[in-house]
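> Here it is, the structure in full.
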Amino acid sequence: MTTLMSNLAFNGMSMFFKIRDSISPRGQVLEEARLQPGDRVMDYGCGPGAYIPDAAEMVGQSGKIYALDMHPLAIRRVQSIAKRRGLANVETINSDCRTGLPNEFLDAVLLYDVFHMLDKPRAVLAELYRVLKAEGTLSFSDHHMRDKDIIAGMTDGGLFVLVDKGERTYTFAPRK
């Protein structure tokens, strides 16, 4: 990803997200991801964990949420959320790209509001492609980008194809 933001900037972003989430709950966005009980899902660039509680509930105890972020405060925040809410199906990964997961392991990836910040988007997309199952999906949202830039950014490398554009997200599938 990009250079690690300061703790002050991370905390400011977290406060902004709390306000955003009170106005527009994250569950509404996740509905378009169509997560199912038993799914293994990665929230790539999870930040302060806004999507974690709803995603963990959607996949249930038989599923698993992998929350990846490069910022140590993000990892601690997600761990705190999981502990406080008793979410045993949440695991954190502190990384800026590599997931450490096996090939074709995940049912879905959430790539929300982080793509515009990536220094090496092609490397990130290659890693996400590697860990997504052939029938997996990548749910994408980034309000910092225009529609045409989103589609081009996700499909130009030939790894992903657009399968749906919802009200809040785009759904991409790996081209396997």
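FYI, it's all coordinate maths here, none of it is from the lab. Just so we're clear, the structure is a prediction, and the values are computed from it rather than from any experiment. No Cβ is skipped: glycine too gets one built from the backbone with ideal geometry, and neighbour counts run over all protein chains shown.
> What nm value, rounded to one decimal, do you get for the distance between residue 148 and residue 9 when each label is placed 7 Å out toward the C-beta?
Calculated label separation equals 2.9 nm.
> Take the alpha-carbon centre of segment 147-176, take the same for segment 77-122, and report the distance between them in whole Å.
Spelled out, the Cα-based centre of one part sits 19 Å from the other.
> So what is the relative contact order of segment 47-142, in percent, for Cα pairs below 8 Å that sit 6 or more residues apart?
Normalised by residue count, the contact order of segment 47-142 is 25 percent.
> Within 10 Å of each residue's Cβ, count the other Cβ atoms and sort 161, 29 from fewest upward.
Result, fewest neighbours first: 161, 29.
> A further question follows. Counting DSSP beta bridges in segment 28-104, what percent are antiparallel, to the nearest 5?
Close to 0 percent.
> Any idea how far apart residue 79 and residue 95 come out in nm if each label point goes 7 Å out from Cα toward Cβ?
Placing both labels 7 Å along Cα→Cβ, they lie 1.8 nm apart.
> Could you name the aspartates and glutamates in cross-link range of residue 64, using Cα to Cα under 19 Å and dropping any fewer than eight places away on the same chain?
Within the straight-line limit of under 19 Å, residue 64 reaches these aspartates and glutamates: 31, 32, 39, 43, 54, 91, 104, 107, 127, 135.
> Might you report the magnitude of the Cβ-based charge dipole of the chain about its Cα centre, with Lys and Arg at +1 and Asp and Glu at -1, to the nearest 20 debye?
Result for the chain is approximately 340 debye, rounded to the nearest 20.
> For residue 99, what is the net charge nearby, where nearby means another residue's Cβ is under 15 Å from its Cβ and Lys, Arg count +1, Asp, Glu -1?
-1
> While we're here: Please report the relative contact order for the chain, taking Cα pairs under 8 Å with a sequence separation of at least 6, and give it as a percent rounded to a whole number.
20
> I would also like to ask the following. Near residue 88, within a Cβ-to-Cβ distance under 13 Å, what is the net charge of the other residues, with Lys and Arg +1 and Asp and Glu -1?
Result for the local shell: +2.
> If you take every DSSP beta bridge whose two residues both sit in segment 40-176, what share of them, in percent to the nearest 5, is antiparallel?
30
> Of 128, 87, 63, whose Cα points farthest to the positive end of the dipole of the chain (charges on the beta-carbon: +1 Lys, Arg; -1 Asp, Glu; origin at the Cα centre)?
After comparing all options, I get 87.
> From the helices alone, meaning DSSP H stretches of at least four residues, give me the mean residue ellipticity at 222 nm for the chain, per-run term -39500 (n - 2.57), in deg cm²/dmol to the nearest 500.
Helices in the chain give a 222 nm mean residue ellipticity of -11000 deg cm²/dmol.
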